[in-house]
Amino acid sequence: MKVQGEHLFKGTPQQVWDLFRDTEVMSAALPGTKKMELIGENIYEAVMNVRVGPVAGEFSGQLVISNENYPHSYTMTVEGRGKPGFMKGVGDVILKDQGGNQTSMEYVGEVQIGGKLAAVGQRLIDTVAKSIINQAFEILDNALTERVSADAEGREADYRKSSERDYAATVAKDLIKNVLKRTGSEDS
Amino acid sequence: MKHKIIGKRVKRVEDPRLLTGGALFVDDVNLPNMLHAAFLRSDYAHARIKNIDTSQAKTIPGVVGVYTAEDMGDAWEPGPPLVSPPPTLENVIFNSRRQVPLVKDKVKHAGEIIAVVVAENRYIAEDAVEEISLEYEPLPAVVDLEKCLEPDSPLVHEDLDSNLAAHLIQQKGDYQKALATADLVIKKRFHLDRGAAAAMENRGLVVDWNEKDQHLMVWDATQSPIPIRNGMASRLGLRTHQVRVVAPFVGGGFGPKIMMFYAEEMVLPWLTRQLKRPVKWIEDRRENFYATTQEREQIHEVEMALSREGRILGIKQKIIHDTGAYDPYGLTTPLNTQSHSMGAYDVENYYSELTVVFTNKTIVTPVRGAGRPQGIFIVERMLDFAARELDLDPREIRRLNFIPPEAFPYNHEIIDQAFTDLVFDSGNYLPAYNKALEKIGYDKFIQEEQPRLRAEGKHVGIGVVPFIETTGVGPYEGARVAIEPSGKISAATGVGTQGQSHMTSFAQIIAEVLGVEVEDVSMVTGDTAEIHWGTGTFASRGAVVAGNAVNAAALDVRQKVLALASKVLKTPEDELELEGGQVRAADIPEQSISLGELAILANPFRGAVEPGTEPGLESTKYFGPAYGATAFGVHGMILEVDPETMMIKIHKYVTVEDCGTMLNPLVVEGQIHGGVSMGLGNCYYEKLHFDESGQLLNASLADYLIPSASEMPHIEVIHENTPAPNNALGTKGVGEAGAIPVPAAFMQALENALPEYNLEITETPLSPNRLYELLQKKERNK
């Protein structure tokens with residue numbers, strides 16, 4: 001499965017870069033993250049609950065950052081497995097300074113999934129993945145704003161942790177929206 | 001011979017039980033003290049197992065045991081090679097690699113079994129499966145039929161030099177010579193994809209080793225109970241009498257349930273002997289998608305040489321057949337393709353090269369049609385393309401090439417799936433073809449309806465395709481028929497029943513021969529306690545091979561009845577008749593004796609049975625044909641395609657079937673209906689999507705589409721009868737026929753409905769999406 005997209009952050013490339021390397025922020029932004037820690041140079045270990053339609057369960061795996069070109073680009077390699085199957089992905093992330101304290105993030109990658117996740121969740125996974133990414137970006141947007149203003153005010157940043165439930169609810173909404181779009185009855 | 005009961009539309013005697021939930025299926029078997037198994041199956045299509053840790057799973061309350069290949073010790077051995085390569089052909093390469101009970105080191109397809117949990121119930125067993133931890137080393141998967149033969153391809157079986165499973169060439173005449181004289185040569189490449197058999201009842205097993213009785217009782221949703229009994233006994237080091245296998249009512253077989261031995265069939269009997277408790281496992285739908293065999297993926301490079309007039313001078317083809325991760329079923333399926341790629345036509349020169357490859361996908365074995373739909377698809381599509389090139393009517397090119405009735409028996413000079421000569425025993429193709437054209441209203445459709453509907457903006461098309469089917473192959477089947485003291489008849493045959501109405505149609509044969517009512521005959525199928533020898537229900541052979549064994553046994557019993565009655569009634573045998581459960585003198589009806597009384601006399605409690613005779617009115621007979629009986633038929637359809645949505649509606653569907661003598665037309669029609677439904681699945685709905693890592697992406701009935709009532713057209717079935725010359729009943733098989741020509745007819749109709757696109761469809765199944773892509777491609781090239 002190809003994962004591709006772009007998002008505009010309100011911050012400098014350096015700020016966005018740092019945000020993405022902060023395990024506390026990242027685990028707040030990704031739903032169902034039970035654990036995320038740095039276990040070696042540029043190697044993170046994570047445990048996450050994943051739910052795609054009827055398929056749910058815990059995934060554990062590693063995230064490795066390579067090809068670092070601060071603060072412009074890096075490569076992310078993810079490998080995880082759990083009861084619902086496995087996933088393996090490689091992607092490139094590019095940060096571009098858009099001026100006016102704005103940074104665009106482009107990401108493109110290939111994710112391979114297997115097991116129950118692929119067999120039963122295939123129909124849903126595209127929408128679920130997009131929904132998760134979009135929600136994560138939304139939270140990261142807020143986190144970035146909070147971090148920038150906390151820095152300016154010289155206080156500790158306070159991140160709102162996303163609840164798995166809110167996440168699941170939004171994913172479900174996105175799924176339904178997608179189905180309605182497909183059947184052409186979105187506005188009815 | 002004029003029949004009174006054979007050939008009548010007798011309602012199925014098994015239906016009341018089936019329709020009221022009174023029939024026994026494997027899942028209905030529940031024994032005291034019974035345990036339940038669940039399997040850990042590989043998520044990966046190709047991976048090395050580094051470590052398996054079952055310790056956590058074993059701690060769950062209710063878990064009785066967790067086992068891996070290592071635990072099986074010496075009992076671990078691959079399944080048997082079911083079908084060896086053809087011994088009569090020269091220069092055959094065949095690398096036999098068979099499925100294993102539990103994977104030892106390397107997983108070769110997703111869904112392969114790595115460990116089994118036995119627990120007090122299935123819930124606990126499934127939960128415990130999730131607690132087994134596994135370390136894999138994922139390997140690149142072998143998926144593509146052509147790339148897998150490239151030198152740098154990963155290997156499914158690392159002890160082989162390549163992924164080549166088999167290679168052979170069959171030919172008749174001299175294709176090169178034919179090519180030299182040809183006016184037209186057409187070359188096309190075809191890709192036919194995989195589908196599932198998707199029987200409504202998944203596989204299932206209940207095994208019960210009784211230590212005191214030293215006996216293994218097995219209920220197995222199999223098409224082949226006797227070979228399963230033989231194999232289980234031999235794998236466990238038991239005598240055959242120590243194992244009884246019952247295939248009770250089975251909810252659809254379609255071929256995959258003839259595969260032996262599935263891993264589960266190797267693991268469960270071993271488990272029950274270890275645990276000395278009954279163990280049950282019922283396959284769930286997702287397991288079925290991974291673990292139950294599939295069929296149909298082949299790539300064909302085809303050449304057809306023709307004369308200007310449209311006469312086929314020769315056919316040449318190279319077939320690549322995907323056998324999946326193992327090849328236990330030998331070459332049955334692709335040999336069928338080879339022998340059906342000449343269709344119903346008189347082809348003098350034929351060259352057919354077969355390459356079979358291993359891939360990291362589910363094992364391939366016959367699925368209803370078994371290689372035949374591919375062969376018919378090839379030859380019928382090629383004729384459609386040839387007719388277009390030569391500016392001939394598609395009907396004319398077919399009429400020109402049919403094997404004429406006087407040419408039978410027609411020897412094709414190659415071998416078929418049974419390794420015997422491919423001889424078409426009988427046939428009369430032209431009248432059947434003309435009848436189908438007449439019934440579908442071909443001329444009227446082309447001349448009036450199609451132009452009218454096109455003017456209304458509707459895209460309607462017609463397709464009519466003839467086909468042949470080799471049926472009723474050996475080796476043999478048997479039947480036992482006995483008259484009970486009550487006068488009722490008990491009979492048994494070794495073939496299992498998966499919906500074929502054996503209990504009715506075989507009973508009709510016996511009722512005809514012994515002069516009783518169908519209801520007086522109790523037919524047992526699929527129980528090894530009732531008959532010792534047999535092979536199974538497959539290859540459209542029940543009515544031919546088992547049917548004729550039933551007939552032979554019934555005739556032998558009739559002879560015994562006549563001999564005994566002649567003495568009792570003091571009337572010569574040839575003046576006796578069997579009617580209404582009585583034997584009577586033909587001209588003096590009151591001089592009679594009932595079959596029950598005769599049965600009692602034949603089993604005396606005192607005195608002596610005459611030397612040279614046997615007690616009872618019972619007989620066991622076998623039938624094995626030298627070569628098969630060739631059925632044939634024609635399917636025609638009128639369909640409409642909506643070029644906006646690509647949805648299809650079939651307005652009319654006509655089949656002409658010739659399966660020789662029909663035992664029961666209702667049953668024949670039922671088989672055709674079911675077959676057409678499967679065939680339509682193979683045209684437009686049922687495709688298994690594997691990704692490049694060997695992951696099946698639509699392993700559920702929500703994503704894998706099976707035609708349902710709303711996709712099914714009304715089907716008109718017309719019967720022709722060219723009796724099979726080589727069996728007493730004159731029967732030919734019809735179980736697979738319905739599925740065989742459907743994709744060929746469907747694509748012809750689809751092209752006919754969309755003439756402005758000038759489509760040349762060389763693949764199946766299509767789908768609305770795929771048809772859209774094909775039309776877009778044509779649009780761009782316009």
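The values are calculated or read from the model by the stated rules, or taken from the named source; none is laboratory data. Owing to the predicted nature of the structure, the values given are computational and were not obtained by experimental measurement. No Cβ is skipped: glycine too gets one built from the backbone with ideal geometry, and neighbour counts run over all protein chains shown. Remember, those area values only see protein heavy atoms, side chains included, never the ligands or the DNA or RNA. Shrake-Rupley method; radii C 1.70, N 1.55, O 1.52, S 1.80 Å.
Worth pointing out:
- When residues in region B:680-699 are screened for being closer than 14 Å to A:Gly121 by Cβ and more than 7 Å from chain A (Cβ to nearest Cβ), 2 of them pass.
- Any hit, region B:430-452, residues being at pLDDT 95 or above, open to solvent by less than 10 Å² (accessible area, probe 1.4 Å) and within 22 Å of the chain's Cα centre (by Cα): no
- Under the condition of being free of Cβ contacts under 8 Å to residues at least 12 places away in the same chain and either touching a His at 6+ places or on another chain (Cβ under 9 Å) or assigned to a strand (DSSP E or B) (or both), the residues counted in region A:40-49 number 1.
- Here B:Glu449 qualifies as in contact with a strand residue (DSSP E or B) (Cβ under 9 Å, 6 or more places away or on another chain) and either charged (D, E, K, R) or over 29 Å from B:Ala511 (Cα atoms) (or both).
- From A:Gln98, A:Gln112, residue being facing another protein chain (nearest Cβ under 9 Å), surrounded by fewer than 20 Cβ atoms within 10 Å (Cβ to Cβ) and in a strand (DSSP E or B): A:Gln112
- Only one of the numbered conditions (1) within 30 Å of B:Ala479 (Cβ to Cβ); (2) modelled with pLDDT of 95 or more; (3) assigned to a loop (DSSP other than H, G, I, E, B) is not met by B:Ala626, and that is (2).
- Options B:Val92, B:Val83, B:Val129: the member that is more than 30 Å from B:Thr420 (Cα to Cα) and either away from chain A (no Cβ under 14 Å) or touching a residue at least 24 places away in the same chain (Cβ under 8 Å) (or both): B:Val129
- Sub-8 Å Cβ pairs linking a first residue in region B:406-434 that is assigned by TED's automatic domain parsing to the domain that holds B:Thr337 to a second residue that is among the basic types (Lys, Arg) and assigned to a helix (DSSP H, G or I), at least 6 apart or interchain, are B:Leu430/B:Arg399; B:Tyr433/B:Arg395; B:Tyr433/B:Arg398; B:Tyr433/B:Arg399, ordered by first then second residue.
- Residue satisfying condition, being within 14 Å of chain A (Cβ to nearest Cβ), over 18 Å from the mean Cα position of the chain (by Cα) and among the hydroxyl-bearing types (Ser, Thr, Tyr), within set B:Tyr326, B:Tyr345, B:Tyr290, B:Tyr350: B:Tyr290
- Conditions (1) more than 29 Å from the chain's Cα centre (by Cα); (2) outside any helix (DSSP H, G or I); (3) surrounded by 15 or more Cβ atoms within 10 Å (Cβ to Cβ): number failed by B:Gly457: (3)
- Test: residue in region B:227-245 that is in contact with a helix residue (DSSP H, G or I) (Cβ under 6 Å, 6 or more places away or on another chain), part of a loop (DSSP other than H, G, I, E, B), of a type outside the set (Lys, Arg) and on the phi < 0 side of the Ramachandran plot: no
- Qualifying residues in region A:59-95 (those that are within 14 Å of another protein chain (Cβ to nearest Cβ) and over 18 Å from the mean Cα position of the chain (by Cα)) - the one nearest to A:Met48 (Cα to Cα): A:Gly82
- Of all residues in region B:32-64 being in contact with a Lys or Arg (Cβ under 8 Å, 6 or more places away or on another chain) and surrounded by fewer than 19 Cβ atoms within 10 Å (Cβ to Cβ), the one that is nearest to the other protein chains (Cβ to nearest Cβ): B:Arg48
- Among all positions in region B:634-655, there is no residue which is at pLDDT 95 or above, buried (at least 21 other Cβ atoms within 10 Å of the Cβ) and farther than 29 Å from B:Arg454 by Cβ.
- Within region A:1-36, considering residues that are aliphatic (A, V, I, L, M) and in a strand (DSSP E or B), the one surrounded by the most Cβ atoms within 10 Å (Cβ to Cβ): A:Met36
- Some residue of region B:433-440 being out of contact with any strand residue (DSSP E or B) (no Cβ under 8 Å at 6 or more places or on another chain), of a type in the set (Phe, Trp, Tyr) and more than 30 Å from B:Glu614 (Cβ to Cβ): no
- Selection from region A:115-140 of residues that are over 19 Å from A:Gly32 (Cα atoms), of a type in the set (A, V, I, L, M) and open to solvent by less than 20 Å² (accessible area, probe 1.4 Å): A:Ala118, A:Ala119
- The listed residue being assigned to a helix (DSSP H, G or I) and in contact (Cβ under 8 Å) with a residue 60 or more places away in the chain, out of B:Ala699, B:Ala744, B:Ala724: B:Ala744
- Residue in region A:116-127 that is of a type in the set (Lys, Arg), within 14 Å of chain B (Cβ to nearest Cβ) and touching a Pro at 6+ places or on another chain (Cβ under 8 Å) present: yes
- Qualifying positions in region B:118-173 - of a type in the set (Phe, Trp, Tyr) and either in contact with a strand residue (DSSP E or B) (Cβ under 8 Å, 6 or more places away or on another chain) or modelled with pLDDT under 95 (or both): B:Tyr136
- Answer residue from region A:99-114, given it is of a type in the set (A, V, I, L, M) and under 22 Å from A:Gly32 (Cα atoms) and is farthest from the chain's Cα centre (by Cα) among those: A:Ile113
- Filter result (aliphatic (A, V, I, L, M) and either more than 23 Å from B:Glu686 (Cα to Cα) or surrounded by fewer than 24 Cβ atoms within 10 Å (Cβ to Cβ) (or both)) within region B:289-318: B:Ile299, B:Val302, B:Met304, B:Ala305, B:Leu306, B:Ile312, B:Leu313, B:Ile315
- Picking from residues in region B:587-644 that are touching a strand residue (DSSP E or B) at 6+ places or on another chain (Cβ under 9 Å) and without any contact (Cβ under 8 Å) to a residue 12 or more places away in the chain, the one that is farthest from B:Asp556 (Cα to Cα) is B:Glu590.
- Test result for B:Lys276, modelled with pLDDT of 95 or more, surrounded by fewer than 24 Cβ atoms within 10 Å (Cβ to Cβ) and at positive phi: yes
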